[in-house]
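Data first, discussion second: the structure below is written as structure tokens.
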Amino acid sequence: MTVHVALLGHPVAHSLSPRMQNAAFAAVGLDWHYSAFDVEDAAEAVFALRALGFEGANVTTPHKRAVAHVCDEAEGDAINTLVFRDGRVLGFNTDKEVLAGIESTSACVIGAGGVALALVPMLPADTRSYTRSGVWPPDAEGCDLIVNATPVRDELFVEPKAGQAVVDLAYAADDLGDSALVAAARAAGCEVVDGREALVRQGAKSFELWTGLPAPVEAMRAAVRSRI
């Protein structure tokens, strides 16, 4: 019998997670299926998935904080992965995987949504957070890490410099090109994690939490970097 997992968000039509996770399931021979659901009431959706026998789910904008409150156990105040186990809802933060291998003593984080909330506790004490409604424009001078935790791809909020690492969570399903920030970072010789690589990193950890198997990372990476 097919095992089901889901993505909950609003909107979700742009997401590459279904393509990536279904490629991963196929790569390891699992009869699993990943579907995306555009929902406005995240709590109601979580309970519905559990009742329907889903194995788990991913959670994306704008529900990462709301869903944390309905978990029996939650890894922080913003979670992006749910596991349904023995009737309980377990919440995990696999967004932190996008920072794997990056060492930082000071960071500039742009954005105030669920991803930013999930990442900030993983960052050094000297972390500055910026939103358009607060101090603006962002100042990354003296920071060794810049994180764009917004969906904006075509605006260069800060000018990256050599020696900095750049993590940009933004990607477009129909555009394989670099965001403005990633393009500038590559030109400056920065260490770069772009939006598609970030998706793979967090998605691989979600896959492992659901299945208990090592994630087929290269198959997932190929799925998100191929043209539709």
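Quick look at the numbers
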{"item": "Average projected area [Cα convex hull, the chain], square nanometres", "result": "12.2 nm²"}
{"item": "Proximal charge balance of Arg196 [Cβ under 15 Å; K/R count +1, D/E count -1]", "result": "-2"}
{"item": "Span from the the range 9-75 Cα centroid across to the the range 141-166 one, whole angstrom", "result": "29 Å"}
{"item": "GNM top mover of Ile102, Ile79, Ile146 - the chain, alpha-carbon springs below 10 Å", "result": "Ile102"}
{"item": "Hull-based mean projected area of the range 120-228, where the convex hull spans the alpha carbons, in square nanometres", "result": "8.2 nm²"}
{"item": "Cα gyration tensor shape for the range 138-200, rounded if a/c is under 1.5, else prolate or oblate", "result": "prolate"}
{"item": "Whole-Hz ³J(HN,Hα) from phi, Karplus 6.51 cos²θ - 1.76 cosθ + 1.60, for the range 212-225, glycine and proline x", "result": "x, 10, x, 6, x, 4, 5, 5, 5, 5, 5, 5, 7, 9"}
{"item": "Rel. contact order, % - alpha carbon contacts under 8 angstrom, at least six apart, the chain", "result": "18 percent"}
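Coordinate-derived values only; no laboratory data. Every value quoted in this text rests on a predicted model; they were computed, and no experiment measured them. Here the Cβ is made from the backbone with ideal geometry for all residues, glycine too, and neighbour counts use every protein chain on show.
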